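First comes the structure, then the notes that go with it.
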């Protein structure tokens, strides 16, 4: 998918908040081999690398546009590479992923696959949005199912593969993980109005729709704006954003 780093960065501080909660779950040691799956524009990967002294950190992303931005954060011990997070190879001390695994399908297979790439004693730490039932997501899915967009999109709908916290905990237990921590947290954002929420999802959830809509993108956006204003007419608007965070360790 063609990602727009500038659109994604419009809510940089709000998007960064869960990263720091996830980072706090990572045990600090020296000389670790670390991968950040879905590293995006790189500035948060740099903070991850700075937290883990004398470690080798690789930021992996499938977007050339994001990696072009990330290149400026590279340093000794920190590199960025193009790659598919769902096909991770190698062996790692830490597998870290902040708001990226939701773009890979079938988490019942993905999480065990990633866990198998941990070295003995290694740690996985993941954060994924679990906001797919918010009214904004309901509205864009509803709009995509209406004409003319349904025909233009050829019936396309992108359903988030994110599981429940109980399911992630069970998967990790089945993998033989230790020190399992799984929780869901609501991040309370106050935005200017409903239009700001549309701007937010334009940098994430709507990207695969934009890719398919072509010249009809603006018409699609306008329909969503109108519905969102009806649903959330207040200004400012409260935007509760649910996210799942989990961490576990492979037995030594």
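Computed values, structure above
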read-out	value
Residues that are farther than 27 Å from residue 207 by Cα and either part of a helix (DSSP H, G or I) or free of Cβ contacts under 8 Å to residues at least 60 places away in the same chain (or both), drawn from segment 168-180	169, 170, 171, 172, 173, 174
Filter result for residue 207 (surrounded by 18 or more Cβ atoms within 10 Å (Cβ to Cβ), within 19 Å of the chain's Cα centre (by Cα), in contact (Cβ under 8 Å) with a residue 40 or more places away in the chain and closer than 23 Å to residue 109 by Cβ)	no
Which listed residue, of 183, 238, is at pLDDT 95 or above and either surrounded by 13 or more Cβ atoms within 10 Å (Cβ to Cβ) or touching a helix residue (DSSP H, G or I) at 6+ places or on another chain (Cβ under 9 Å) (or both)	183
Conditions (1) part of a helix (DSSP H, G or I); (2) more than 19 Å from the chain's Cα centre (by Cα); number of the one not met by residue 93	(1)
Residue within segment 21-39 that is surrounded by 14 or more Cβ atoms within 10 Å (Cβ to Cβ), touching a helix residue (DSSP H, G or I) at 6+ places or on another chain (Cβ under 6 Å) and at positive phi present	yes
Some residue of segment 211-218 being in contact (Cβ under 8 Å) with a residue 40 or more places away in the chain and either outside any helix (DSSP H, G or I) or closer than 30 Å to residue 26 by Cα (or both)	no
Filtered residues of segment 18-45 (kept if over 17 Å from the mean Cα position of the chain (by Cα) and within 13 Å of residue 77 (Cβ to Cβ))	30, 31, 32, 33, 34
Output for segment 100-134, where each listed residue is in contact with a helix residue (DSSP H, G or I) (Cβ under 9 Å, 6 or more places away or on another chain), closer than 18 Å to residue 183 by Cα and in a loop (DSSP other than H, G, I, E, B)	100, 130, 131, 132
Subset tally (residues that are buried (at least 22 other Cβ atoms within 10 Å of the Cβ), assigned to a loop (DSSP other than H, G, I, E, B) and touching a strand residue (DSSP E or B) at 6+ places or on another chain (Cβ under 7 Å)) for segment 40-82	3
Leading residue by the ranking (farthest from residue 224 (Cα to Cα)) among those in segment 164-174 that are surrounded by fewer than 18 Cβ atoms within 10 Å (Cβ to Cβ) and touching a helix residue (DSSP H, G or I) at 6+ places or on another chain (Cβ under 9 Å)	174
Selected residue (only one of 190, 186 is in contact (Cβ under 8 Å) with a residue 12 or more places away in the chain, over 18 Å from the mean Cα position of the chain (by Cα) and not in a helix (DSSP H, G or I))	190
Flag for residue 221 being part of a helix (DSSP H, G or I), touching a helix residue (DSSP H, G or I) at 6+ places or on another chain (Cβ under 9 Å), free of Cβ contacts under 8 Å to residues at least 40 places away in the same chain and surrounded by 16 or more Cβ atoms within 10 Å (Cβ to Cβ)	yes
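The values are calculated or read from the model by the stated rules, or taken from the named source; none is laboratory data. In this text, all values refer to a predicted model and were calculated from it rather than measured experimentally. Positions of Cβ are backbone-derived with ideal geometry, glycine not excepted, and every protein chain shown enters the neighbour counts.
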